[in-house]
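Asks: Sharing a structure below in structure tokens format, with a few things to ask.
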Amino acid sequence: MDELEQIDSQIPITECKLEKVFPPTFFDVMEHLPIHLANEAKIARPSQYRWMYPMERYIYFMKPFIRNRACAEGSIAEGYLATECMTLCSSYLYTMEIKFNRLERNYDGGVIESDGGLIIFCQPGRALRGGKPHKLGSKELEQAHFYILKNCDEIQPFLEEFSLTPVDTSQENSDRQFISWLKEKIAGLHKSDDSKKMTDLLLLSRGPTTYVTSHHGYLINRYRFHVQDYDKGLTTQNCEVVVVGEIDEANKIINYYGELKNILELQFIGGGRVVLFKCTWFDVYDQEKGVKIDEYGFVSVNRQRFLKITEPFVLANQASQVFYVDDLSNKGWHVVRKVQPRDTFDVLQENINDLEDSDNSSLKRKRTQEGLDIYQLFI
């Protein structure tokens, strides 16, 4: 209540300050409305218990049923009955696509059940249209192969074992030595163990085929990604990505921001496939010229500075989507805004814990579901 009284006293002052900046034509009923909101909240409590938005949505649903304006009520009744009948009949049409079984726009195929093999071969994802096959260079193919090995959970014990052996100091030669060492190691283990998991490890150690499939779009994690060249002629941009990286010396997680250049589907002998995103990364290590965070927590990046790294690939399921907004106050900088996936909502964990710990949690969940069902009637 004290906060409402403070807001009630501050709103007129804010309105007066706005009058010094904007012309009189700017102030209509919407700018006058905030003056009454705090007072109404003190009298009638939260607006969600008294608002008319559901009824307005319901009227919007009924209005198209009016075909004859001379008999509006009859048209609404006739249209509503027809809609109810069609909805009831469509519930029994299991072999046809209806609004009850229609897939989401960014449906990525769902979780793929593992058959006992490697998890990395069971990643969800769906390509947009057909891809174009092309041959990958030997150096780029080696980089992609080593990145897949490094991010496969079943390969981690072999990485730890290889780290104890003396190798060449250069990173490139070390990666090649590990691939050769792993191929011999897995081949020896496969002679005594021919399980599905070991067979997949053998195929993974041998590397992907030279020819890969390139896609211009891909659906993963409820995101719709496009390569940068494809996005040039579109109004919406879906080529900006972010990947959560390693932890720095100050125990802070470094996020890598970049742009999607290519989507590669690598095929392994035996049917396994892995989808990689090839990206260009902005310089996130330079805290002055590459990336900065303001006092409000907003991250800005300089899209003119790139990282000079030999690892342009990430797994498709590791990427999240962002978009970059031009910072008008700082020329050349762009504010990073993360994209919320479709049909997902941020729910505070403490609210979930309070609901589960309550003795009446089942009753609350039932009432919540009833409220959602009632709300669905209006939308």
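The values are calculated or read from the model by the stated rules, or taken from the named source; none is laboratory data. These figures come from a predicted structure and were not determined experimentally. Here the Cβ is made from the backbone with ideal geometry for all residues, glycine too, and neighbour counts use every protein chain on show. For accessibility, only protein heavy atoms count, side chains too; no ligands or nucleic acids. Shrake-Rupley method; radii C 1.70, N 1.55, O 1.52, S 1.80 Å.
Asks: By Kyte-Doolittle mean hydropathy of at least -0.5 and Cα axial length of at least 24 Å, which whole DSSP H helices of the chain are selected?
Replies: Those that clear 24 Å and a mean of -0.5 are 72-90.
Asks: If R0 is 45 Å, what FRET efficiency do you get for E184 and R102 from their C-beta distance, rounded to 0.05? Show your work: numbers first, answer last.
Replies: Values: r = 51 Å, r/R0 = 1.13.
Between E184 and R102 the formula returns 0.35.
Asks: Sticking with this structure for a sec: Tell me which lysines have Cα within less than 22 Å of K99's Cα, excluding those fewer than 8 residues away on the same chain?
Replies: Partners within reach: K63.
Asks: Projected area of the range 222-298, taken from the Cα convex hull and averaged over every viewing direction, in nm²? Display every interim value, and only then the final one.
Replies: On the way: hull surface 32.8 nm².
For the range 222-298, the mean projected area of the Cα convex hull comes to 8.2 nm².
Asks: Sticking with this one: Farthest toward the dipole's positive end in the chain, which of M55, A77, H32, given Cβ charges of +1 (Lys, Arg) and -1 (Asp, Glu) about the Cα centre?
Replies: Of the options given, the answer is A77.
Asks: Here's another thing I want to ask about it. Considering only protein heavy atoms and a probe of 1.4 Å, how much of the accessible area of the chain is carbon and sulfur, as a whole percent?
Replies: Carbon and sulfur together cover 55 percent of it.
Asks: Report the rotationally averaged projected area of the range 19-167 based on its alpha-carbon convex hull, in square nanometres.
Replies: Spelled out: convex hull of the Cα atoms, projected over all directions, averaged, 24.8 nm².
Asks: Roughly how many debye, to the nearest 20, is the charge dipole of the range 83-123 about its Cα centre, given +1 on each Lys and Arg Cβ, -1 on each Asp and Glu Cβ, and no other charges? Intermediate values should be presented prior to the final figure.
Replies: Numbers: 3 positive and 6 negative charges, 34 e Å.
Here the range 83-123 has a charge dipole of around 160 debye.
Asks: Relative to the Cα centre, what is the charge dipole magnitude of the range 141-295, using +1 at the beta carbon of each Lys and Arg, -1 at the beta carbon of each Asp and Glu, and rounding to the nearest 20 debye?
Replies: 740 debye
Asks: Could you give the longest part of the chain that holds none of the GluC sites (Glu not before Pro) found in DSSP loops with at most 15 neighbouring Cβ atoms within 10 Å?
Replies: 114-248
Asks: What's log10 of I(q)/I(0) for the range 1-86 at q = 0.13, 0.15 Å⁻¹, Debye sum over Cα points only, no solvent?
Replies: Summing over Cα pairs of the range 1-86 leads to -0.68, -0.74.
Asks: For R222, what residues show an amide H to amide H distance below 5 Å, using hydrogens built from the backbone and excluding near sequence neighbours?
Replies: It is D108, by chain and number.
Asks: Return the Cα extents of the range 273-317 along principal axes one, two and three, sorted largest first, each rounded to a whole Å.
Replies: The Cα atoms of the range 273-317 stretch 44, 22, 14 Å along their principal axes.
Asks: Evaluated at 37 °C with a viscosity of 0.692 mPa s, what Stokes-Einstein diffusion coefficient in µm²/s does the range 184-223 have when Rh comes from the Kirkwood expression over alpha-carbon pairs? Walk me through the intermediate numbers first.
Replies: Details: Rh = 12.6 Å.
Using the Kirkwood radius from Cα pairs, D works out to 260 µm²/s.
Asks: Which value does Rg/Rh take for the chain over its C-alpha atoms, Rh per Kirkwood?
Replies: 1.06
Asks: For the chain, with every protein chain kept in place, what is the accessible area per residue (1.4 Å probe, Å²)? Numbers along the way, then the final one.
Replies: Values: 25850 Å² over 379 residues.
Here the per-residue accessible area is 68 Å².
Asks: Which of the lysines could be linked to K252 by a straight reach, that is with a Cα gap under 23 Å, when you skip same-chain ones fewer than 8 residues away?
Replies: K150, K289, K292, K308, K338
Asks: Here is a follow-up. Report the equivalent ellipsoid semi-axes for the range 45-122 in whole Å, largest first, defined as the square roots of five times the eigenvalues of the gyration tensor built from alpha carbon atoms.
Replies: Values: eigenvalues 341, 99, 19 Å².
Those come to 41, 22, 10 Å.
Asks: Project the alpha carbons of the range 89-220 onto their principal axes and report the range along each, largest first, in whole Å.
Replies: 70, 34, 21
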